[in-house]
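The values are calculated or read from the model by the stated rules, or taken from the named source; none is laboratory data. Treat the numbers as computed from the prediction; the structure is a model and nothing was measured. Here Cβ is always computed from backbone atoms with ideal geometry, including for glycine, and neighbour counts include all displayed protein chains. Surface areas here come from the heavy atoms of the whole protein model, side chains and all, with no ligands, DNA or RNA. Shrake-Rupley method; radii C 1.70, N 1.55, O 1.52, S 1.80 Å.
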Amino acid sequence: MANPGASPKNILITTFPKSGSRNVGDGLITESAIQLVRHRLPNYAPEIIFRMDSLDDYSAEEVASILAPGFSVNEGTYPLLYALYSDVSRLKGFFPVGCSFQHPEASPAIYDNFTYSEATLAFLRRVEENTGPIPCRDTGIVNILQRHGIRSCYMGDLALYDRAYLFKTFVAPRCIDSVAFTVQHNAKYKRQSFLVLNAIRRTFPKATLYVVHQSKVSCFSQKNSGICSGAGVC
């Protein structure tokens, strides 16, 4: 219920669950988005809602903005991945940023062949009409949306943004002393993980290599990090 006289709330829809995978990348994306907004609006203090929690209890008068960092533009993203409002026409002031895309098949061909259903297209068109071009984290996602007539643009992954380095000139290090590699979630990426690790070792033969977990430890991640010593250093 709306609270008469109360200031409208800023809501941030996070992809970071308090239980389950606890993917640290999702947490980083959420924190990065907050810090970037605070660069312009120092008092920004959003109410954080998990993506599968409904917004139905919030009236239009209560909400000033809804920021969705790392918003997924998958097939069925609404309502399968994001609850939002049961009546999507209530979705106002909605800003998806650094949008992601996931697919069971890890292949570049997905970007050329993937097709949305009409229901998902109708939702994405509504989002694009209300907020403008949808900012995506990589050009492959931009291509998928544009191929379906949805305006989109490239902005990069929010996890790569750091408020402390905004507008600063990039200065490349003279040498790489250490490299951290994050273990993927799914077992289907095991071979890819070892290929990447071997490539890192060849490229930076003198660097100390670290294998780190991006979420809670699982049997799969333990197998991947098993190439390292007990201290986690290759």
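Figures for the structure shown
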read-out: Matching residues, the range 87-118, being aliphatic (A, V, I, L, M) and within 24 Å of N186 (Cα to Cα); value: A106, A109, I110
read-out: Those residues of the range 105-156 which are closer than 23 Å to Q192 by Cβ, open to solvent by less than 40 Å² (accessible area, probe 1.4 Å) and touching a Ser or Thr at 6+ places or on another chain (Cβ under 9 Å), in sequence order; value: C136, I141, I144
read-out: Test: residue in the range 186-203 that is assigned to a strand (DSSP E or B) and surrounded by 14 or more Cβ atoms within 10 Å (Cβ to Cβ); value: no
read-out: Residues located in the range 144-163, provided they are at pLDDT 90 or above, in a helix (DSSP H, G or I) and not basic (K, R); value: I144, L145, Q146, L158
read-out: Single residue of the range 98-125 satisfying the filter (at pLDDT 90 or above and among the aromatic types (F, W, Y)) that is nearest to G25 (Cα to Cα); value: F101
read-out: Residue, most open to solvent (accessible area, probe 1.4 Å), within the range 75-104, restricted to residues that are over 18 Å from L12 (Cβ atoms) and in contact (Cβ under 8 Å) with a residue 40 or more places away in the chain; value: E75
read-out: Residue within the range 54-68 that is open to solvent by less than 20 Å² (accessible area, probe 1.4 Å) and of a type in the set (F, W, Y) present; value: no
read-out: Condition broken by K168, with the remaining ones in (1) assigned to a loop (DSSP other than H, G, I, E, B); (2) under 29 Å from I34 (Cβ atoms); (3) modelled with pLDDT under 90 satisfied; value: (3)
read-out: Members of the range 31-44 found to be among the hydroxyl-bearing types (S, T, Y) and either assigned to a strand (DSSP E or B) or free of Cβ contacts under 8 Å to residues at least 40 places away in the same chain (or both), listed by number; value: Y44
read-out: Answer from F94, F123 - the residue that is within 27 Å of P17 (Cα to Cα) and either in contact with a strand residue (DSSP E or B) (Cβ under 6 Å, 6 or more places away or on another chain) or among the hydroxyl-bearing types (S, T, Y) (or both); value: F94
